[in-house]
Amino acid sequence: MRATKNKAPNPTELIDWLNDEGLVELDWDFPEEGDLIAAGLDSMAVMQLVVAVEDFFGVELTPDNLTRTNLESPRKLAALIASKMS
Amino acid sequence: MIADHGRFDVVVIGGGSAGMAAAITAARSGARTILIERHGYAGGMGTASLVHSFCGLYLLRREPGAVIANPGFCGEIEQRMSAATGIGPQRMGRLDVLPQHPVEFVRIADEMLAAEPMLETLFHAEVCGIERDADEWRISLTHRTDCTRLASSSIVDASGDAVVAAWLGRECAVAPAEKLQRPAYVFGVRCAAAIDEAARLRISGRLCEGIREGLLPPEALGLTFRASGRLGEVFGTLDLTGNMNGRDFDPLDASCLSGLEFTGRQVAAAVVRYLAGHDATWSDSYISHWPARAGIRESRRWVGEYVLTGEDLLESRHFDDEIALATWPMEMRETAKGPKLRFPTEDLPAGIPLRCLKPAGIDRLFVAGRCISADHEAQASIRVMGTCFATGEAAGRAAAG
Ligand SMILES: Cc1cc2nc3c(=O)[nH]c(=O)nc-3n(C[C@H](O)[C@H](O)[C@H](O)COP(=O)(O)OP(=O)(O)OC[C@H]3O[C@@H](n4cnc5c(N)ncnc54)[C@H](O)[C@@H]3O)c2cc1C
C-alpha cells in the first residue's frame, strides 16, 4: 500500500514508505508492532527519517519527539506522524 | 645522495592492521624483515583514522558467545586489546565486535613490533618506487629530502591502496566512482554526557533542527556518535559522499582527499559547537582529537591469481588453498546514509584462498589487507581489521617461506 503525500499514513503504508525511502530494510511481512530500532533504524537513519517525514508528510519531528517509545514500531511512528498532522 | 639501507628477506610496505601482522609473522618465521610506514605509528585506519572497533574477528553465529574465526595473530590482538580497555566482545544481533581504542592500538603495535629481533620498523619513510632486478626487489624510500634504497627477496604490499601494482604497471581494479564505498571522517570529542540510545536519538533530532535552522551544513546528516569506552570521551563518525567541488569521489587523488579533510573538520567543529550551545548535557564538550587522515574504506585493489567474489561469500565457499576465513557480512556503504549489510545465505564463513594474496605472474610478491584480490562486493567484507590481521599473517608467512 502506498502512502499519500501530506496524508497521515497507516502502519502498513508506513512500512512500505520506510522501505521506499531506503530508511531501513523491512521484510514485506514486518509486523506493525515490530521493533524498528532493532531492524536497523539507527541514529543516522533517524536523521534521514526526520528529513523525509518533513518532505513527504509536511511535519517537523522535534528532538523531544525522537524517543524510543515514539519510534519503536510502525504503529507508534504512524501515530506520531498523525498526531503532528492533526 | 642515495643511501643504501641494506638487504632483507621481506619488505612490508605499510604498517596498518595487515602490514603489522605480516611483518611480525615474517620476522617470527625467521626472515630478516623491515616494515616501512609513512606515519609515526602503526595501525593504519585503526589508529591514524580513529576507526575504533575490530570487526571480523569472530564467527557469525546465533548462539551466544564470541568465537575467534582465525586463531593466531587475531587471538593475540584480541587478548592484548581487551586487557588494555577492559572491554570484551560486544554482541550486535548475530555479530560480535571488539571495541578498540586507537591510543591503545598504537601502544600495543609498538610493543609487538619492538619485541621481534628479526624485525626493523622504519616510520616516517614512504616507499616511492619498486623495480625487479634479476632475483631481487629494489625498493626506493623517501624521508625528508633523502632517498634510500634497499633490496629484498620478497615484498608484501599492505599499503591499502595497492601502490605496488601502480608502480609495476600491473593489473588492478577500482570500482566506478558512484559505487566506491564512501569515506568517513572520525574525530574524538570530550563530552561528559552518556551516549546511550535515548541520547543518540535526541542528538539526531538536535542535528536535524540545526540543519533546518541553517546553523549546520546538511553533511551533518552523516554523523553518528559512539562512546569510546573511556569516561567522558566519544567518537564522532561522519560519513561523507567524497564528491568534492563538483568532482566524483577519488580516494587516490590528493585534491579530493584534501577536500575531505577540510569538510570533515568543518562539519565536526560546527556540530560540536552547535551541540555545546543547544544541548544541556553537551555544554562543556569540545573536540579533543583529530585523525591524522580521513578514513578510506575502498580504493584500488590488486587483481590476483583468484578474485574473491561476493557470490563466494554469499555461498560460504571454501578453497583448497584457503589461508583465512571471512566472517563479516558485506557491509555496503555506497551512500553516506549508513550501512546495508549483506549476510551469507547460511550463517557460515567463506574461505580466502592464498591466490587472492598473489598477484598473477609475479614471483615473491604478496598482498594483504583491504587491497587483496577481491571484487567490490567481497572487499566490503574482507576490508575489516579482523580479516586484515588474518590476511596479513598469511602474507607474512608466505613471504618468509
Ligand atoms: C570510516 C571507517 C570505518 C570503518 N569501520 C570499521 C570497523 O568498525 N571495524 C573494522 O574492523 N574495520 C572498519 N573499517 C575498515 C578498516 O578500518 C580498514 O579497511 C583496515 O584498517 C585496512 O587495513 P590495511 O592494513 O589493509 O590498510 P590501512 O589501515 O589503510 O594501512 C595502510 C598503511 O600503509 C601505509 N602506507 C601506504 N602507502 C605507503 C607507502 N608508500 N609507504 C609507507 N607507508 C605506506 C599507510 O600510512 C597506512 O598506515 C572502517 C574503515 C573506515 C574508513
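The values are calculated or read from the model by the stated rules, or taken from the named source; none is laboratory data. Just so we're clear, the structure is a prediction, and the values are computed from it rather than from any experiment. Ideal geometry is used to build each Cβ from the backbone, glycine not excepted, and the neighbour counts take in all protein chains shown.
Summary table below
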| item | result |
| --- | --- |
| Unique residue being more than 12 Å from the ligand (Cβ to nearest atom), closer than 19 Å to B:Val11 by Cα and either of a type in the set (D, E, K, R) or assigned by TED's automatic domain parsing to the domain that holds B:Asp133 (or both) when the list is B:Ile372, B:Ile362 | B:Ile362 |
| Strands (runs of 3 or more DSSP E) fully within the stretch B:103-207 counting 3 or more residues that are away from chain A (no Cβ under 14 Å), in contact (Cβ under 8 Å) with a residue 60 or more places away in the chain and of a type in the set (Gly, Ala, Ser) | B:146-157 |
| B:Thr224 vs. criteria surrounded by fewer than 22 Cβ atoms within 10 Å (Cβ to Cβ) and touching a Phe, Trp or Tyr at 6+ places or on another chain (Cβ under 8 Å) | no |
| Pairs, first at positive phi and without any contact (Cβ under 8 Å) to a residue 40 or more places away in the chain in the stretch B:276-299, second in a loop (DSSP other than H, G, I, E, B) and more than 16 Å from the ligand (Cβ to nearest atom), C-beta under 7 Å, six or more apart | none |
| Matching residues, the stretch B:36-71, being more than 7 Å from the ligand (Cβ to nearest atom), farther than 17 Å from B:Asp96 by Cα and out of contact with any helix residue (DSSP H, G or I) (no Cβ under 6 Å at 6 or more places or on another chain) | B:Gly40 |
| Criterion (out of contact with any strand residue (DSSP E or B) (no Cβ under 9 Å at 6 or more places or on another chain) and crowded, with 16+ Cβ neighbours inside 10 Å) met by exactly one of B:Pro291, B:Pro251 | B:Pro251 |
